[in-house]
Amino acid sequence: MKEQDKPLLTIEGLHTCFHTLDGIVNAVDGVDMVVYRGETLGLVGESGCGKSVTALSVLRLLACPPAEIQGAIHFQGVDLLGLDREGIRRIRGNAISMIFQEPMTSLNPVLTIGEQIAESVRLHQNLSGKEAWRWAETMLEMVQIPGPKQRAKDYPHKLSGGMRQRAMIAMALSCNPQLIFADEPTTALDVTIQAQILNLMQDLKQEFHTSIVLITHDLGVIAEMASRVIVMYAGQVVEEAPVRELFKNPRHPYTQGLLGSVPVIGKKAKMGRRLQEIPGVVPGPLETPGGCRFHPRCPKVADLCRREAPLETVLGEHRRVRCWLAA
Amino acid sequence: MFQYVIKRLVFTIPVLIGISLLLFFMLRMLPGDPAQVLAGQMATPEEVENIRRQLGLDRPIHVQYAVFFSRLVQFDLGRSARTQNPVTREIWARLPNTVLLAVVAITLACLFGIPAGIVSAVRPYTWMDYLVTSAALFGISMPVFWLGLMLVVVFSILLQWLPAGGTGSWKHVILPSVTLASFVIAFIARMTRSTMMEVLSQDYTTTARSKGLKEEVVIVKHALKNALIPIITVVGLQFGLLLGGAVLTETVFAWPGLGRLIVDSILARDYPMIQGAILVFGLLYIFVNLVTDLLYACVDPRIRYD
């Protein structure tokens, strides 16, 4: 087997639920996925579909209780859910790191940028204070922040949103991790900065041979970055496909709806078509509908969909869909 | 920064003038005649009139203020109507006691209140949290005089470990400062708990954890530093209040501090004494506030004074 084909991360039957005052909330309900070395996997879905909770479950960054994580998560053969607190701590930021959505709130306002990068290097790579600081400056240069030596001494409030996200990326890459979860890394940024950040991530991924799980609801970002896509809806995987496949031939009505809701310039004139939307909203985690979870919003709903939940239908390698129409 | 401090110090002058004005006229609106109080119940009207003239209270009120103010700018607070001693001397005699008690109490409060608050925020809804929150509720709601008396009963009368009152040795300081600190400990613990809980739910705390930092580092370096601003505010305010003297505690433990001095002077309508003591209190309070504001800038880089 080639190095490329070896799975880096496998998630099997992941269930993450939260015990709340209103009852048990199943945020992630039976998710399976595999991440390979050096690939970018797109994780797509509307807000509240369980994308972020999946990522947080892998690093066990959810407070338990109220959260409860079940299933199997293996990273390079190591069972992450079986590790003790110290074990998972050694993985975090070192082998697997995260980039968060809000650069404004994800950086600690009272510590300098340099310190926030250097501290994890000191911890995981056993570098001295000076070496770690120099490495932090190098990382800031790598993410193309001008004047990295000066910037390292600055506090986050002196940096713009785009700069902060660069610093965040520098922080995530500082220990040369094998896997990065990027949770909506560009959502909070304006469009030109988005493109810069995405390019930067693409370049650094090549340079560091890092795998990326890109969590987003932006299909444009997916088309640009991902090689394979997993679509989630209400805590479940509803479709998986290589990126071209997904855009060319989406099988799940939800994916079709998502693609239909992307505006394409000039399309209306050509096809005589208005921008489509998926009616309704994602069901709240406490009001998951019976049968297929998408059926109240599905344009192709049949009687069977209302009665029984569809199982996953495997259509090929990395090609699966959870819909009665495909079964 | 230096300029800011100078500016703030200059600003205390109008504040003090404002305090002196308010104080002066409000005191004279109080019912009761200082001359009558001083002369006693049996005095003849002539005697009372004599004392009034001695105190200068027979002159028009604006003249009285002018005299008071012209002495004030020479740092002369006049003589106590009750003891005839210079007010400054009386205050100087009491101030060290009050400062000692306040400093010990606030130190105890920080030493116990902040860690207690952190523990209960880090392990919410566990027995430790319940212990801290119920102890804090106890501390907040216990009347100071009751707690003081109970401590005297246990430690002075039953166990005979510590003196029941007075000053003289470090042993005398323990009971009154513990009594005073109990409320402040509880207050600081509650404040620390709620702020820490908020900070621990912030995104940057998750970021810190995602970097694989040890939980102690996440709590102390990343969370506590962010939670310090409200904690410093509360500590500063409470310290300022303690410096004003603690009447009840001082009374229970026969502690010769500013609080009792002020109350005794009010009862005797000893105008110069009250004015002097309150002005000193005001000055200390302003100073503590200034230090508090400067500490903010040390903790939070977003706060700049320039």
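Rg then Dmax, both in Å and based on the Cα atoms of segment A:257-327: 15.1, 42.
From the Kirkwood radius over Cα pairs of segment B:164-306, Stokes-Einstein at 10 °C and 1.306 mPa s returns a whole-number translational diffusion coefficient of 88 µm²/s. Helix A:113-125 versus the longest principal axis of chain A: what is the Cα-based angle in degrees, 0 to 90, to the nearest 10? The answer is roughly 90 degrees.
Average 1/r across all pairs of distinct alpha carbons in chain B, invert it, and you get the Kirkwood radius: 22.2 Å.
Entry note, chain B: relative contact order of 26 percent, from Cα contacts under 8 Å with a spacing of 6+ residues. Peptide A:102-108 has a mean shielding of 5, counted as Cβ atoms of other protein chains within 10 Å of each residue's Cβ. Count charges around A:Met98 for me, please; just the other residues with Cβ under 9 Å from its Cβ, Lys/Arg as +1, Asp/Glu as -1. After counting each charged neighbour, the total is +1. Residues considered: A:Thr192, A:Thr210, A:Thr288. Largest GNM mean-square fluctuation over chain A, using C-alpha springs under 10 Å, is found at A:Thr192. Here the 3J(HN,Hα) profile of segment B:6-15, calculated from phi with Karplus coefficients 6.51, -1.76 and 1.60 at θ = phi - 60°, is 4, 4, 5, 5, 4, 5, 5, 4, x, 4 Hz, Gly and Pro shown as x. The translational diffusion coefficient of chain A, from Stokes-Einstein at 37 °C and 0.692 mPa s with a Kirkwood hydrodynamic radius over alpha carbon pairs, comes to 157 µm²/s.
Considering only A:Val281, A:Val35, A:Val238, the Gaussian network model of chain A with Cα springs below 10 Å gives its largest mean-square fluctuation to A:Val281. Shown here: segment B:2-72, whose C-alpha atoms stretch 59, 20, 16 Å along the first, second and third principal axes, sorted largest to smallest. Taken about its Cα centre, segment B:95-299 carries a charge dipole of roughly 360 debye when the Cβ of each Lys and Arg holds +1 and the Cβ of each Asp and Glu holds -1. Ordered by the count of other Cβ atoms within 10 Å of each Cβ, fewest first, A:Cys49, A:Cys64 give A:Cys64, A:Cys49. Taking B:Lys171, B:Lys221, B:Lys211 in turn, the Gaussian network model of chain B (Cα-Cα springs below 10 Å) assigns the largest fluctuation to B:Lys211.
Shown for B:Tyr130, A:Tyr36: other C-beta atoms within 10 Å of each C-beta, ranked fewest to most, produce the order B:Tyr130, A:Tyr36. Here r is the Cβ-Cβ distance between A:Ala72 and A:Ser261 and R0 is 30 Å; the resulting FRET efficiency, rounded to 0.05, is 0.30.
Each of B:Thr44, B:Thr195 has some number of other Cβ atoms within 10 Å of its Cβ, and from fewest to most they run B:Thr44, B:Thr195.
Laboratory data are not the source of any read-out in this text; all were calculated from the coordinates shown. Bear in mind the structure is a predicted one, so any value in this text is a computation, not a measurement. We place every Cβ from the backbone using ideal geometry, glycine too, and count neighbours over all the protein chains shown.
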